[in-house]
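Asks: My questions all concern the structure below.
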Amino acid sequence: MFGVYGIPDASSLVVLGMHALQHRGQEACGMASFDGKRFHDEKHMGHVGDAFFGKDLSVTLPGSSAIGHTRYSTAGGSVLRNVQPMFADMAAGGVALAHNGNLTNFLTLREQLVSEGTIFSSTSDSEIILHLIARSRKSRVVDRFIDALSQIEGGYALVALTNKKLIGVRDPLGIRPLVLGQIDGKFVLASETCALEIIGAQFIRDIEHGEMVIISDQGIESRRPFPAAEARPCVFEYVYFARPDSIVNGRSVYEVRKRMGRRLFEESGARDADVVVPVPDSGVPAALGYAQAAGLPFEMGIIRNHYVGRTFIQPTQGARDHGVRMKLSPNRAVLAGKKVVLIDDSIVRGTNSVRVVRMVRDAGAKEVHLRSASPPIMWPDYYGIDMPDREKLLAATHSMAEMVKLLEVDSLGFLTVDGLYWAMDAGARDPIRPQFTDHYFTGDYPTRLMDKEIAEGRNEQVERQLSFLVSA
């Protein structure tokens, strides 16, 4: 998400910010602007560059305030009706809303609203928030937001645009990231600091967990509408999701990933190896840290085609499988005859890992030792990262020996949870009050999972119930 307020031709900055955040979502993108009299919006399937570059945005999306969103679907189908920002005309004026994350009481709220006569135009959980704002009895827009947010649960960061304000909100645990920047005295909201860099904005601070910021002609106001809670930001932002040049919750993603690689060697080093090779791009910093700790050469044994997107965040497994073949190519000069330590950021289903390992072996590698710079992923996610049901997670359904055989590797190793916390420079994990959202490794979910179908891992049932909207 990216939003600016009070800057001429705001959409031209927003499209740059969206481009910098393309790694967070590659299925679709959209933007909404306000020109002082009316809202304008535009949505597309596909990448930001294809959708918005080369256009005169001052004509199609005029105004001094705008918000943008790149979509990576975890709730609702990959169809145009689910693309954000979502917009609604209300009694108090128009509201455009962009949302990062997932609501864990989405189905419960949706069924309640439908039973009371609410009509939905999408299958996205983000639309729930707009309906709750519209139904609020509060008189002021900000109070309507707070009223709506008090009814939702899960992990979320929101950026919303009204005719007089730009509003940013982070969930009470700070699971999903949101940052505040400034350019030419005007404020900017973004999912990551790398999006501030591209427009020359100065990073001010992270939006705090449970905080709402209201940006208007009067300046910026901060509110804390939720009860105090300990922050638990998503640790998977550091493992995979965030761009390595971003600073997330005060930590350099690049440095954390290098430390993950260093600790990985200490815990699970393949000591009789010839070369360390990353699975690009997200495995590169960890592989650098591993190679430096091991005293082994770091080589780009796999070359990435940068014109292909990230396969992990493709909407279907079939798309992910094709994406691996299109995206990665072996560098035979590096791999042939070598004992290779292959470093990946994580192993989820294992299907991509099998293809990469076979690619390295076909290029002549003598041995392949696969190492994951994160702990084994054992549990699904419901806060905005597409971790599948538990029966589809490789480490949750196979022993180490079974994984070695299935992945066709000579050895396999994972970073430990303690090692991950060490890399975060966070001390030992507190089992009573964990410092991060780390349930994918530990099963310790930071919120209740209110929807029965979601709590039991039956997302397919939710999609079947809503499929009439997708097919429409």
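The values are calculated or read from the model by the stated rules, or taken from the named source; none is laboratory data. The structure presented is a predicted model; accordingly, all values stated were derived computationally and were not measured. Cβ coordinates were reconstructed from backbone atoms using ideal geometry, including for glycine residues, and neighbour counts include every protein chain displayed. These area figures cover heavy atoms from the full protein model, side chains too; ligands, DNA and RNA do not enter into them. Shrake-Rupley method; radii C 1.70, N 1.55, O 1.52, S 1.80 Å.
Asks: If G364 satisfies every condition in (1) under 25 Å from E237 (Cβ atoms); (2) modelled with pLDDT of 95 or more; (3) open to solvent by 10 Å² or more (accessible area, probe 1.4 Å) but one, which is the exception?
Replies: The failed condition is (1).
Asks: Out of the range 350-368, which residues are charged (D, E, K, R) and out of contact with any helix residue (DSSP H, G or I) (no Cβ under 7 Å at 6 or more places or on another chain)?
Replies: Filtering the range 350-368 down to residues charged (D, E, K, R) leaves 355, 358, 361-362, 366-367.
The answer is R358, R361, D362, K366, E367.
Asks: Report yes if S150 is of a type in the set (G, A, S), closer than 21 Å to S65 by Cα and touching a Pro at 6+ places or on another chain (Cβ under 8 Å), otherwise no.
Replies: Numbers: of a type in the set (G, A, S): yes; closer than 21 Å to S65 by Cα: no; touching a Pro at 6+ places or on another chain (Cβ under 8 Å): yes.
The answer is no for S150.
Asks: Just to confirm my filter: which strands (runs of 3 or more DSSP E) fall fully inside the range 1-115 and include at least 3 residues that are of a type outside the set (D, E, K, R), more than 19 Å from the chain's Cα centre (by Cα) and under 18 Å from I215 (Cβ atoms)?
Replies: 28-34, 93-103
Asks: Let me ask another. Going through L13, L103, L57, L21 one at a time, which residue ends up being buried (at least 21 other Cβ atoms within 10 Å of the Cβ), under 22 Å from I152 (Cα atoms), touching a helix residue (DSSP H, G or I) at 6+ places or on another chain (Cβ under 8 Å) and touching a residue at least 24 places away in the same chain (Cβ under 8 Å)?
Replies: L103
Asks: Given (1) part of a loop (DSSP other than H, G, I, E, B); (2) free of Cβ contacts under 8 Å to residues at least 60 places away in the same chain, identify the lone condition not met by L288.
Replies: Evaluating L288 over (1) part of a loop (DSSP other than H, G, I, E, B); (2) free of Cβ contacts under 8 Å to residues at least 60 places away in the same chain leaves (1) as the failure.
Asks: Continuing with the same structure: Would you confirm, using the coordinates I've provided, whether E230 is touching a residue at least 12 places away in the same chain (Cβ under 8 Å) and either part of a helix (DSSP H, G or I) or charged (D, E, K, R) (or both)?
Replies: yes
Asks: Here is a further query. Could you tell me which residue of the range 385-403 is modelled with the lowest pLDDT, considering only residues that are surrounded by fewer than 20 Cβ atoms within 10 Å (Cβ to Cβ) and part of a loop (DSSP other than H, G, I, E, B)?
Replies: Here the residue is P388.
Asks: Looking at (1) in a loop (DSSP other than H, G, I, E, B); (2) farther than 19 Å from E237 by Cβ; (3) of a type outside the set (A, V, I, L, M, F, W, C); (4) open to solvent by less than 20 Å² (accessible area, probe 1.4 Å), can you tell me which one R371 breaks?
Replies: Going through (1) in a loop (DSSP other than H, G, I, E, B); (2) farther than 19 Å from E237 by Cβ; (3) of a type outside the set (A, V, I, L, M, F, W, C); (4) open to solvent by less than 20 Å² (accessible area, probe 1.4 Å) one by one, R371 breaks only (1).
Asks: For the range 404-447, name all the residues that are part of a loop (DSSP other than H, G, I, E, B) and either polar (S, T, N, Q) or in contact with a strand residue (DSSP E or B) (Cβ under 8 Å, 6 or more places away or on another chain) (or both).
Replies: Applying the first criterion (part of a loop (DSSP other than H, G, I, E, B)) to the range 404-447 yields 408-410, 415-416, 424-436, 438, 443-447.
If the condition is that a residue be part of a loop (DSSP other than H, G, I, E, B) and either polar (S, T, N, Q) or in contact with a strand residue (DSSP E or B) (Cβ under 8 Å, 6 or more places away or on another chain) (or both), then E408, V409, D410, L415, T416, M424, D425, Q435, F436, P446, T447 are the ones that fit.
Asks: For the range 230-250, which positions are among the aromatic types (F, W, Y) and either in contact with a Phe, Trp or Tyr (Cβ under 8 Å, 6 or more places away or on another chain) or open to solvent by 10 Å² or more (accessible area, probe 1.4 Å) (or both)?
Replies: Listed by number, the residues that qualify are F236, Y240.
Asks: Regarding the range 32-42, can at least one residue be identified that is within 26 Å of V248 (Cβ to Cβ), modelled with pLDDT of 95 or more and of a type in the set (G, A, S)?
Replies: Checking the range 32-42: at least one residue is within 26 Å of V248 (Cβ to Cβ), modelled with pLDDT of 95 or more and of a type in the set (G, A, S).
Asks: Only one residue in L196, L173 is closer than 21 Å to L103 by Cα and outside any strand (DSSP E or B), so which one is that?
Replies: One residue alone meets the criteria, L173.
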